[in-house]
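The values are calculated or read from the model by the stated rules, or taken from the named source; none is laboratory data. In this text, all values refer to a predicted model and were calculated from it rather than measured experimentally. Using ideal geometry, Cβ is built from the backbone for each residue, glycine included, and neighbour counts are taken over all protein chains shown. Just so you know, the surface numbers come from the protein's heavy atoms only, side chains and all, with ligands and any DNA or RNA stripped out. Shrake-Rupley method; radii C 1.70, N 1.55, O 1.52, S 1.80 Å.
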Amino acid sequence: TARRMDQKFEFTQMIRARGMQPNSDDLRVSRHTADADAAQALNISLDTPVYYICRRVLADNTPVLFSTDIVPCSLFGTTRTITHLRAAMGDPAVRHALALQRDQALLELSETCYSRLCRPVLRCRTFYTDFFDFALVRKLV
């Protein structure tokens, strides 16, 4: 069943709905300074300390998702999220982690979460394989 892309969802529920067990087999947390993408998205300087939280998610034994969250070390708590999505190939590390075929594309969601004071506090990039089926409801404005 396709899931609406304009609604927040738990990928673990989507995996279970397909009769499979979700799990993560590769979780890494590291402290760095913000790269250019994170600095721009989070409105911070390049030298700001941030945590990178990377993980690969499997449905049973099949890699289906790779996610990187970037959080400034000094900020926590979110109230609003802005999401962008696009077709992507993913960098070599993501492609390897998901055991992709040479021509297999991914769906990339890039999210920036904001605090109550409208400060960006979390940057998340998630790559979905074709294991997932999404739907997008478009409205005429």
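Numerical summary
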{"item": "Segment T33-D60, length gained on full extension (0.36 nm per residue, minus Cα span)", "result": "6.3 nm"}
{"item": "Per-residue HN-Hα couplings for segment 64-73 [Karplus 6.51, -1.76, 1.60; θ = phi - 60°; Hz; x = Gly/Pro]", "result": "10, 7, 10, 10, 10, 9, 10, 10, x, 4"}
{"item": "Solvent-accessible area of E10 with every protein chain in place, 1.4 Å probe, in Å² to the nearest 10", "result": "100"}
{"item": "Integer Hz, Karplus 6.51/-1.76/1.60 couplings in order for segment 89-103, x for Gly and Pro", "result": "8, x, 7, x, 5, 5, 4, 5, 4, 9, 6, 7, 6, 4, 9"}
{"item": "Shape call, segment 96-141: gyration tensor on alpha carbons, a/c limit 1.5", "result": "oblate"}
{"item": "Efficiency of FRET from Cβ geometry, R18 and K139, R₀ 35 Å, rounded to 0.05", "result": "0.80"}
{"item": "Extension gain (nm, one decimal) between C73 and D26, 0.36 nm per residue minus Cα-Cα", "result": "14.7 nm"}
{"item": "D47-S115 FRET efficiency (beta carbon distance; Förster radius 25 Å; 0.05 resolution)", "result": "0.75"}
{"item": "J(HN,Hα) series, segment 44-59, from Karplus relation 6.51 cos²θ - 1.76 cosθ + 1.60, nearest Hz, glycine and proline x", "result": "10, 7, 4, 8, 6, x, 9, 9, 9, 10, 10, 8, 10, 10, 10, 10"}
{"item": "Carbon/sulfur fraction of accessible area - segment 50-111, other protein chains in place, 1.4 Å, %", "result": "52"}
{"item": "Those trypsin sites (Lys or Arg not before Pro) in segment 82-141 that DSSP places in a loop and that have at most 15 other beta carbons within 10 Å", "result": "R102, R116, R138, K139"}
{"item": "Residue-normalised accessible area of segment 55-141, expressed per residue, 1.4 Å probe, Å²", "result": "61"}
{"item": "Calculated FRET efficiency for the pair D130/H96, C-beta based, R₀ 25 Å, to 0.05", "result": "0.90"}
{"item": "Cα gyration tensor category, rounded, prolate or oblate, for segment 33-141 with a/c compared to 1.5", "result": "oblate"}
